[in-house]
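Report on the structure given below.
The values are calculated or read from the model by the stated rules, or taken from the named source; none is laboratory data. Worth saying up front: this structure is predicted, and the values here are computed from it rather than measured. All Cβ positions, glycine included, derive from the backbone under ideal geometry; neighbour counts span all protein chains shown.
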Amino acid sequence: MLPTIQKTTPKSSVRSPIFSITERLLRRFSIDEYHKMGEMGILTEDERVELIDGVITKMSPIGSEHAACVNKLNRLFSSALPSENATIGVQNPIILDDGTEPEPDIALLKPRDDAYASGHPRPDDVLLIVEAADASIDDDRAIKLPRYAAAGIPEVWLVNIPGRKIEVYQIPVGVEADAGYKIRVEYCLGETLTPELFPHVTISVADVLP
């Protein structure tokens with residue numbers, strides 16, 4: 001059975017209602033200010049937040065199926081990719097621009113000797129991002145995908161846990177709010193998929209879904 005292939009327009013993702021709040025009521029923060037809040041203890045490591053367009057945004061709690069999916073992905077990529085090919089980041093920050101620092105579930109990064117101790121990865125360091133989504137599926141499509149595309153992230157996998165499939169997005173196009181991915185491919189149970197930059201790696205959808 002062949003995967004469903006769809007071409008999408010940059011408008012396929014739209015901003016969340018949070019960004020429709022009157023702009024003058026928002027105090028947007030830079031990456032430096034956001035990090036300073038962490039250093040000062042204003043934000044703690046226990047708080048599940050991300051910086052999106054300068055807005056400190058709460059993330060959904062991680063359910064057991066979400067956690068299992070991330071664990072499976074980490075195990076699959078770790079066994080398939082030697083460390084000299086990629087560094088695997090698990091729910092670690094990536095700086096997309098001066099006001100956006102998401103924490104994707106899985107990120108395949110260009111290997112660096114210091115393992116990014118000198119600074120969080122930037123878009124040019126990212127080879128693939130994978131987000132596992134259950135209750136957050138709509139937010140991931142509407143909020144994160146356009147920002148990943150605007151930053152030039154070459155490929156994003158969205159593991160649609162309720163839909164029992166993996167959505168693959170490739171070829172970023174557009175800028176800022178109009179950014180999106182030109183190609184969207186859906187892989188269902190019984191199918192396999194391969195990262196664009198790692199053609200020797202084959203992942204089974206069944207091995208990813210909880």
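So here's what we get for this one:
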{"item": "Residue match in segment 143-153 (condition: farther than 28 Å from His200 by Cα, within 14 Å of the chain's Cα centre (by Cα) and surrounded by fewer than 18 Cβ atoms within 10 Å (Cβ to Cβ))", "result": "no"}
{"item": "Given (1) closer than 22 Å to Asp139 by Cβ; (2) modelled with pLDDT of 85 or more; (3) assigned to a loop (DSSP other than H, G, I, E, B), number of the condition Val14 does not satisfy", "result": "(2)"}
{"item": "Any hit, segment 107-116, residues being part of a strand (DSSP E or B), out of contact with any helix residue (DSSP H, G or I) (no Cβ under 6 Å at 6 or more places or on another chain) and farther than 15 Å from Phe198 by Cα", "result": "no"}
{"item": "Single match in Ile94, Ile137 (criterion: within 10 Å of the chain's Cα centre (by Cα) and crowded, with 16+ Cβ neighbours inside 10 Å)", "result": "Ile94"}
{"item": "Filter result (of a type outside the set (Val, Ile, Thr), touching a residue at least 24 places away in the same chain (Cβ under 8 Å) and assigned to a strand (DSSP E or B)) within segment 43-63", "result": "Glu50, Leu51"}
{"item": "Pair list, Cβ under 6 Å, 6 or more apart: segment 131-153 residue touching a residue at least 24 places away in the same chain (Cβ under 8 Å) and within 18 Å of Leu51 (Cβ to Cβ), other residue part of a helix (DSSP H, G or I) and of a type in the set (Asp, Glu)", "result": "Glu131/Asp140; Ala150/Glu176"}
{"item": "Hey, Ala177 hydrophobic (A, V, I, L, M, F, W, C) and at pLDDT below 95 or not", "result": "yes"}
{"item": "1 or more residues in contact with a Leu (Cβ under 9 Å, 6 or more places away or on another chain) and acidic (Asp, Glu): qualifying strands (runs of 3 or more DSSP E) within segment 122-205", "result": "126-133, 155-160, 165-173"}
{"item": "Among the candidates Glu84, Glu103, residue that is under 16 Å from Leu128 (Cα atoms) and exposed (fewer than 14 other Cβ atoms within 10 Å of the Cβ)", "result": "Glu84"}
{"item": "Every residue from segment 34-64 that is surrounded by 14 or more Cβ atoms within 10 Å (Cβ to Cβ) and of a type in the set (Asp, Glu)", "result": "Glu50, Asp53"}
